[in-house]
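The values are calculated or read from the model by the stated rules, or taken from the named source; none is laboratory data. Bear in mind the structure is a predicted one, so any value in this text is a computation, not a measurement. Note that we place each Cβ from the backbone using ideal geometry, even for glycine, and neighbour counts take in every protein chain shown. For the accessible areas, the whole protein counts, side chains as well, though only heavy atoms, and no ligand, DNA or RNA atoms are used. Shrake-Rupley method; radii C 1.70, N 1.55, O 1.52, S 1.80 Å.
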Amino acid sequence: MHAFIEPDHMKKKDLLVILCALALLAPFFIFPSVYDRYETFNAEHGMVMSFIKFAILSTFGECIGLRITHGVYNRPGFGIVPRALVWGLLGMGISMAMTIFATGVPAFLASLGMNDAPAAMALPLSWRKVFVACCISVAMNSIFAPVFMTLHKVTDTHILATGGTLRGFFTPLRMGDILAGLDWHRQWNFVFKKTIPLFWYPAHTITFLLPGDVRVLFAALLGVILGILLAVAAHKR
């Protein structure tokens, strides 16, 4: 009997999740004043908004991934609140990295002889602008992403090992033990060698072609998309 009841129960939860997402997004489209306030706050408190965007969107992406692979949005030990906290902090790091690389890479290209590289990012879409955006993406994802991904894996392992509780999350992090126990073959052969060049290089090239005030939001959405894609692939496998 349980096998027949559970699908209907999950469909109701899916509908509830969709309705909650629509209720959260609707005011930004219905009321211009709400969107204006969002833009103002985003411009004045960029790092705070980076925390909020990644804490909500990326954690939601992990919940969707769990729904695809295990049929539920949450389960004991998953740790939604600690994951949201981690994603928020990582989001601030991503925002910082995007600012650094978006400024530094064009300056580096200029030092190599491409003098108009910094100016190209402020001009309309062109192949030159795409090239510079691609260089920014490659530099950021080659230098920053491996450290970021490894740190994220460490925090995920810590959350699961401490039962997914907020209290457990603030216990000492056994960094050495966790690093020693990571599956470095998978980390290298799949996470680094496949997701970075095949997904993050082109995805963040698009990110850096967007206006600066929406890059962090788009980056957070990319995390949701990748989480869903990986969950679908794992489910099929």
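Dividing the Cα radius of gyration of the range 40-104 by its Kirkwood radius returns 1.10 for Rg/Rh. Computed over every Cα-Cα pair of the chain and binned at 5 Å starting from 0, the pair-distance distribution P(r) comes out as 1, 6, 11, 15, 17, 16, 13, 10, 6, 3, 1, 0, 0, 0, 0 percent. Rolling a 1.4 Å probe across the protein heavy atoms gives the range 160-237 an accessible surface of 63 Å² per residue. Can you give the angle from 0 to 90° between the axis of helix 32-44 and the longest principal axis of the chain, with both taken from C-alpha atoms, to the nearest 10? Once rounded, one gets 70 degrees.
Exceedance of the 28 Å cut-off in Cα-Cα distance is limited, within the set Lys153/Lys194; Lys11/Lys153; Lys53/Lys194, to Lys11/Lys153. Computed from Cα positions, the angle between helix 212-236 and the longest principal axis of the chain comes to roughly 40 degrees. Give, as ranges by residue number, the residues of the range 202-222 whose backbone N falls under 17 Å from the point 7 Å along Cα→Cβ of Phe28. Answer for the range 202-222: 207, 210-222. Normalised per residue, the accessible area of the range 38-146 is 49 Å², obtained with a 1.4 Å probe and no contribution from ligands, DNA or RNA.
Taking the C-alpha atoms only, the angle from helix 2-30 to the longest principal axis of the chain is near 40 degrees. For the range 1-129, the C-alpha radius of gyration divided by 2.2 N^0.38 Å, with N the number of residues, is 1.49. With θ taken as phi - 60° and the Karplus curve 6.51 cos²θ - 1.76 cosθ + 1.60 applied, the whole-hertz 3J(HN,Hα) list for the range 98-106 is 5, 5, 5, 6, 5, 8, x, 5, x Hz, x standing for glycine and proline. Evaluate the Debye formula for the range 158-221 with equal point scatterers sitting on the alpha carbons, no solvent, and hand back log10 of I(q)/I(0) at q = 0.12, 0.15, 0.16 Å⁻¹, in q order, two decimals. Calculated log10 I(q)/I(0) at the listed q: -0.56, -0.77, -0.81. The GNM of the chain, with springs linking C-alpha atoms under 10 angstrom apart, assigns the highest mean-square fluctuation among Leu16, Leu66, Leu57 to Leu16. The calculated 222 nm mean residue ellipticity attributable to helices in the chain amounts to -25500 deg cm²/dmol, summing -39500 (n - 2.57) over DSSP H runs of n ≥ 4 and dividing by all residues. Normalising the average separation of contacting C-alpha pairs (under 8 angstrom, six or more residues apart) by the number of residues puts the relative contact order of the chain at 28 percent. Derived scalar couplings between HN and Hα for the range 45-55 equal 9, x, 6, 4, 5, 4, 4, 5, 4, 6, 4 Hz in order, rounded to whole Hz, by the Karplus curve 6.51 cos²θ - 1.76 cosθ + 1.60 (θ = phi - 60°), x for Gly and Pro.
Split the accessible area of the range 1-158 by element, probe 1.4 Å, and carbon with sulfur accounts for 75%.
What size of dipole, in debye to the nearest 20, comes out for the range 148-210 about its Cα centre when the only charges are +1 on Lys and Arg C-beta atoms and -1 on Asp and Glu C-beta atoms? The calculated dipole for the range 148-210 is roughly 60 debye. For the range 170-185, 3J(HN,Hα) computed residue by residue from phi via the Karplus equation (6.51, -1.76, 1.60; θ = phi - 60°) reads 8, 7, x, 8, 7, 4, x, 5, 5, 4, 5, x, 5, 7, 5, 5 Hz, glycine and proline entered as x.
Residue farthest toward the positive end of the dipole of the chain, with Cβ of Lys/Arg at +1 and Asp/Glu at -1: which of Ile178, Leu24, Leu166? It is Ile178.
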